[in-house]
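**Student:** Right, I'll just put the structure down here and ask away after.
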Amino acid sequence: MHAKHSDLSREEEREGFLAPLALAIKSLGLRGKRVLVGVSGGADSVGLMRGLRALAEAGELELVAAHLDHGIRRRAGPRDAAWTAALCRHFDIPIVVEKADVPAYASEHRMNIEEAARTVRYEFFERAARVERCSHVAVAHTADDQVETVLHHLFRGTGLAGLRGMQAVRPLAEGLTLVRPLLRIRRGQIVEWLREVGQRFCTDATNLDESRTRNRIRHSVLPTLERELGPPVRDAILRVAEQAGELQSAIEELAAGLLTQCIQDETTDVVRLNAEALSRQPRHLVREVFVELWKRKNWPRQAIGFDDWDKLWRLVKQGGSATLPGAIKVTRRGTLIVIRGPAS
């Protein structure tokens, strides 16, 4: 469904969810920055763009929009792209629009559609941000998306890192930061604000397709949990995510320090660690040391699961060797753990 937009008065712009959004902008360090905002045309992203525009007018930041037609919805995709571009023109917001063939990408890289769409989308955001000289990319994930993400991770079998859900801020690429300003704001708040200011939006029919796990969580699992356990179930999940995030951040800090202490020598492709120092540490911390190493070396982690990281802990304790996804080879040799990267 498409709809027309309306002009807003200064008074209207100050209402709704702008106050919590302004707090998020401040906490995320976006004041004075040039920000690329992903806009699909849906309620969440249109709300984010309109809210950021109001703040941009007050001199808080510079704004550029980005829209990607994934090539999944053959008719609706181009229509939404044209509608979003027209909306941006109306509000004098520069916009970058691209079209991709996500189904072909998914087939070529042996990914499911959702994973391929995410990969292609963030690659587009990075390119667009570079061209537009933006330091940050803002996406419209809400508190409700956070609840759905935590449940999705839980059902797939996650560790502590998965329970924290999405992070409000994380590196996207060198010199480029991804931010989620709506992560503490509910979807209902955004829709209500859009109604109040007369701003309509597009509706993506694929969001109703319950063959997709996330949509089943949104439309079936969460409503069932709320009926059985009460509406506060969403708040409870968000509290778990926040506490898990705090704990995981502390563990990551410990792991980073321990990794630095354990590195015996390092080249581009080979790292040698002190196995004896690692073997005295708790199991979870050892796994996190390896995760931190993979991050530092920018080695592929997408296909590595809990069992793989745990295999490395057993290797530290018991010896042996293992090959992880990405053709990364790990061997214990005496007092050393030798890790050979993909290029070795």
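**Student:** Can you order the peptides 272-278, 87-93, 226-232 by their average number of other Cβ atoms within 10 Å per residue, highest first?
**Tutor:** 272-278, 87-93, 226-232
**Student:** Turning to a different aspect of this structure: Cut-off is 10 Å between beta-carbons; in what order do Ile185, Ile304 appear when sorted fewest neighbours first?
**Tutor:** Working: Ile185 24, Ile304 19.
Starting with the residue having the fewest Cβ neighbours, the order is Ile304, Ile185.
**Student:** Restricting to the chain, what percent of DSSP beta bridges are antiparallel, rounded to 5? Let's see the in-between values first.
**Tutor:** Values: 21 of 37 bridges.
Just about 55 percent of them are antiparallel.
**Student:** Putting +1 on Lys and Arg Cβ atoms and -1 on Asp and Glu Cβ atoms, find which of Ala19, Leu247, Gly198 reaches farthest to the positive end of the dipole of the chain.
**Tutor:** Leu247
**Student:** log10 I(q)/I(0), Debye, Cα-only region 257-340, no solvent, q = 0.27 Å⁻¹?
**Tutor:** For the requested q values the scattering log ratios are -1.82.
**Student:** Follow-up question, since we're still on this one. What 222 nm value per residue comes from the helices of the chain, counting each DSSP H run with n ≥ 4 as -39,500 (n - 2.57) and dividing by all residues, nearest 500 deg cm²/dmol? Before the final figure, lay out each step's value.
**Tutor:** On the way: 15 runs with 175 residues, N = 344.
The helix-only estimate for the chain comes to -15500 deg cm²/dmol at 222 nm.
**Student:** Nearest 20 debye, what's the magnitude of the dipole of region 257-340 about its Cα centre given +1 on Lys and Arg Cβ and -1 on Asp and Glu Cβ? Working shown, then result.
**Tutor:** Working: 15 positive and 9 negative charges, 28 e Å.
Roughly 140 debye, rounded to the nearest 20.
**Student:** Gap in Å between the Cα centre of region 287-344 and the Cα centre of region 166-204?
**Tutor:** Answer, in whole Å: 36.
**Student:** Here's another thing I want to ask about it. Using only the alpha-carbon atoms, what does region 10-225 span along each of its principal axes? Please give whole angstrom values in decreasing order.
**Tutor:** Here the spans come out as 45, 36, 35 Å, largest first.
Values quoted throughout were computed directly from the atomic coordinates according to the rules given, and no laboratory measurement underlies them. Predicted model only: the values in this text are computed from it and were never measured. Here Cβ is always computed from backbone atoms with ideal geometry, including for glycine, and neighbour counts include all displayed protein chains.
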